[in-house]
1. Does residue 51 fit the bill of being among the hydroxyl-bearing types (Ser, Thr, Tyr) and in contact (Cβ under 8 Å) with a residue 24 or more places away in the chain?
2. Of the numbered conditions (1) at pLDDT 95 or above; (2) part of a helix (DSSP H, G or I), residue 44 satisfies every one except a single condition; which is it?
3. Consider region 32-51. How many of its residues are open to solvent by 80 Å² or more (accessible area, probe 1.4 Å) and under 13 Å from residue 3 (Cα atoms)?
4. Would you confirm, using the coordinates I've provided, whether residue 56 is open to solvent by less than 90 Å² (accessible area, probe 1.4 Å), touching a strand residue (DSSP E or B) at 6+ places or on another chain (Cβ under 9 Å) and assigned to a loop (DSSP other than H, G, I, E, B)?
5. Hey, residue 70 hits all of (1) open to solvent by less than 100 Å² (accessible area, probe 1.4 Å); (2) touching a strand residue (DSSP E or B) at 6+ places or on another chain (Cβ under 6 Å); (3) at pLDDT below 95 but one; which does it fall short on?
6. Tell me, please, whether a residue that is of a type in the set (A, V, I, L, M, F, W, C), surrounded by 15 or more Cβ atoms within 10 Å (Cβ to Cβ) and touching a residue at least 60 places away in the same chain (Cβ under 8 Å) can be found in region 2-25.
Amino acid sequence: IIIDPGHGGEDFGTYSLGTPKYHEKYLNLSTARLVKAFLQQFGYRVIMTRTDDVFLSLEERALFANNLGP
């Protein structure tokens, strides 16, 4: 299973309207880590397109996923 948290690096995505402001890139990465851990408990092999706050273009994400053949 490949999980793509989206955004990252200079791409913050959107942000919450309330206080404090939460940027989408941080929520996406946190959620993706939780989903990965949950799936691994059931024995799934899970790979994420990014595990840190880095930017990957859509083309890089697609190439990464396609090369692994999930």
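The values are calculated or read from the model by the stated rules, or taken from the named source; none is laboratory data. Fair warning: this is a prediction, and the values are worked out from it, not measured in the lab. Here the Cβ is made from the backbone with ideal geometry for all residues, glycine too, and neighbour counts use every protein chain on show. Ligands, DNA and RNA are excluded from the accessible area calculation, which covers all protein heavy atoms including side chains. Shrake-Rupley method; radii C 1.70, N 1.55, O 1.52, S 1.80 Å.
1. Considered against the rule, which asks whether it is among the hydroxyl-bearing types (Ser, Thr, Tyr) and in contact (Cβ under 8 Å) with a residue 24 or more places away in the chain, residue 51 comes out as no.
2. The number of the failed condition is (2).
3. 6
4. In short, yes.
5. (1)
6. Taking every residue of region 2-25 in turn, at least one turns out to be of a type in the set (A, V, I, L, M, F, W, C), surrounded by 15 or more Cβ atoms within 10 Å (Cβ to Cβ) and touching a residue at least 60 places away in the same chain (Cβ under 8 Å).
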